[in-house]
Amino acid sequence: VQLQASGGGLVQAGGSLRLSCAASGRTFSIYSMGWFRQAPRKEREFVAAISWSGGSTYYADSVKGRFTISRDNAKNTVYLQMNSLKPEDTAVYYCAASRDARALGVMSLYDYWGQGTQVTVSS
């Protein structure tokens with residue numbers, strides 16, 4: 001499975017961005033998709049996850065009510081709509097795919113990773 005993330009950029013605080021993650025290859029093996037982020041000098045952390053077929057979603061407390069994860073199975077693409085962005089959301093955002101339906105926010109259960117896309121929120 002190959003993952004291609006896109007949609008990052010520079011935005012002012014309070015603004016919005018939509019990230020996309022296109023999956024290719026053996027996508028039938030994917031059970032969960034997730035977004036993670038890593039800010040400078042910090043560890044990578046979970047942001048949001050969605051089941052590939054059922055549409056169940058799961059969010060980190062820090063983004064609940066502001067971010068929405070969704071997927072388009074016909075396009076093998078997962079999206080992360082980010083609204084009301086804050087400077088602390090600045091990070092490299094990575095999409096990931098798991099063959100494990102239990103993956104959700106557990107980083108170690110993700111098997112495939114995209115290359116990351118930079119999101120910078122200015123104050």
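The values are calculated or read from the model by the stated rules, or taken from the named source; none is laboratory data. As the structure is a computational prediction, the values presented were derived from the model and not from experiment. When we count neighbours, we look across all protein chains shown, and the Cβ atoms used for this are built from the backbone with ideal geometry, even at glycine. Heads up: the accessible areas ignore ligands, DNA and RNA and are worked out on the full protein's heavy atoms, side chains in. Shrake-Rupley method; radii C 1.70, N 1.55, O 1.52, S 1.80 Å.
Computed with a 1.4 Å probe over protein heavy atoms only, the accessible surface of segment 18-72 comes to 53 Å² per residue.
Cα-based radius of gyration for the chain, normalised by 2.2 N^0.38 Å, reads 0.97. Protein heavy-atom surface of segment 1-67, 1.4 angstrom probe: 46% of the accessible area is carbon and sulfur, with nucleic acids and ligands not counted.
Provide the packing ranking of 2-9, 77-84, i.e. peptides ordered by the mean count of other C-beta atoms within 10 Å per residue, highest first.
The densest-packed peptide leads the list: 77-84, 2-9.
Between Q118 and K75, what FRET efficiency follows from the Cβ-Cβ distance if R0 is 30 Å, with the result rounded to 0.05? About 0.85, to the nearest 0.05. Bridgeable lysines around K86 (alpha carbons under 22 Å apart, same-chain partners fewer than 8 residues away excluded): K42, K64.
The Cβ shell under 11 Å around S20 holds other residues with a net charge of +2, Lys and Arg each +1, Asp and Glu each -1.
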